[in-house]
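Just below is one structure, and these are the notes that go with it.
Please treat every number below as a calculation from the coordinates, not as lab data. Since the model is a prediction, treat every value here as computed from it, not as a measurement. Here the Cβ is made from the backbone with ideal geometry for all residues, glycine too, and neighbour counts use every protein chain on show.
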Ligand SMILES: [Zn+2]
């Protein structure tokens, strides 16, 4: 039975913010409005949780912060869920299901979208004589295997070691999955944006091929974060070559700043962003495994942008965490199972160069294939 004192406190809260916070949480996942209060009377504890989890979902801690790493990205290690030891569980999903049982599961089903960032479309192909000759001179003593691969690719005797596109498409298809490729369009000599020149025929052919056999999106260059014209040029070039309007995007180096990055992408015509994950840690950055509508906390309004969070990246498992292959598979299995439990979308992040089973990625093709087996619906 509700005591009168609690009831009056509850009414005050209700008038001030409760209706909006539960409605906003519901709208974030379903795009639909509810009158949550018709059949639901939350406790003060639930109200408090809803406030915390909605702002976690919409990344309030990444607005007006100084916790940036050397590339200017919010540090995973400073995030509330990481510090609380909860970053590998989608806490928002669990709370949502407790408040609105079956509301999400009655609309959505678990899915997997394998994604690939193309930072360097080819190791050697399409890079021109000067770059290859210089690279060969550098590699010949330090890395003879790489020098030999460069030599063979140059003379077309062997496939380029980063040319894994046919393999990716085929293996994904065998698991009933369609790959999504994010293409970095810049080659600016700034040390960050070093792809081939997509205006030339090698690059054009690749984009045409990928857009037939998979889905494609933009991978905005690092330079584009500081110059909107650069972002627009990259977007226009990819749209022109693919002959399709581009609606999907993921930031190169996961360079994501709130609210600027998403506002710019929306202005460009992007409706789906896939940058919501960490470089240095695995787990659920927004504490959800589900796509959600981005709410601009400064303007206090929903946008037309859907955020697809990703819980793990190849380089995080191998380079940042330095995990042996078996442990990487165990971590992936846990993330898949959390995502399945909440009918989320499992979005692993790989690169065309990390599935070739060569050099520093020797042994990781097995991890990739075992992941597909675990994650396919
Ligand atoms: Zn990238």
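When only Cα pairs under 8 Å and 6 or more residues apart are kept, what is the percent relative contact order across the chain?
Relative contact order here is 20 percent.
Largest first, please: the extent of the C-alpha atoms of the stretch 44-114 along each principal axis, to the nearest Å.
Sorted largest first, the three principal extents are 43, 40, 21 Å.
Compute the angle between helix 128-142 and the longest alpha-carbon principal axis of the chain, please, reported from 0 to 90 degrees and rounded to the nearest 10.
Relative to the chain, helix 128-142 is tipped by roughly 90 degrees.
Quick check: the angle from helix 364-375's long axis to the longest principal axis of the chain, C-alpha only, nearest 10 degrees?
Roughly 30 degrees between the two axes.
Could you put 122, 167 in order, starting from the residue whose Cβ has the fewest other Cβ atoms within 10 Å?
167, 122
Using only helices, what value at 222 nm comes out for the chain when you add -39,500 (n - 2.57) per DSSP H run of length 4 or more and divide by the total residues, to the nearest 500 deg cm²/dmol?
Calculated from helices alone, the mean residue ellipticity at 222 nm is -12500 deg cm²/dmol.
Give me 257, 290 ranked fewest to most by other Cβ atoms within 10 Å of their Cβ, as a rough exposure proxy.
257, 290
Using Cα pairs under 8 angstrom and six or more residues apart, how large is the relative contact order of the stretch 219-329, in percent?
22 percent
Report the paramagnetic label zone for residue 226: residues of the stretch 189-220 whose backbone N is under 15 Å from a point 7 Å from Cα along the Cα-to-Cβ axis.
Under cut-off, by backbone N: 189-194.
Please report 239, 87, 337 as a ranked list, fewest other C-beta atoms within 10 angstrom at the top and most at the bottom.
So the ranking, lowest neighbour count to highest, is 337, 239, 87.
What percentages, rounded to whole numbers, describe P(r) for the stretch 252-374 computed over all alpha carbon pairs with 5 Å bin width beginning at zero?
The percentages, shortest bin first, are 2, 10, 20, 21, 17, 13, 9, 6, 2, 0.
Taking the chain as the reference, fit the longest principal axis to its C-alpha atoms, fit the long axis of helix 228-242 to the helix C-alpha atoms, and give the angle between the two in degrees, 0 to 90, nearest 10.
70 degrees
How big is the Rg/Rh ratio for the chain, C-alpha atoms only, Rh by Kirkwood, two decimals?
1.01
Please compute the modelled spin-label separation between residue 244 and residue 201, points set 7 Å along Cα→Cβ, answer in nm with one decimal.
Each label point lies 7 Å from its Cα, and together they span 2.4 nm.
Send over the semi-axes of the stretch 153-250's equivalent ellipsoid, whole angstrom and largest first, taken as the square roots of 5 times the C-alpha gyration tensor eigenvalues.
Each semi-axis is the square root of five times an eigenvalue, giving 23, 18, 12 Å.
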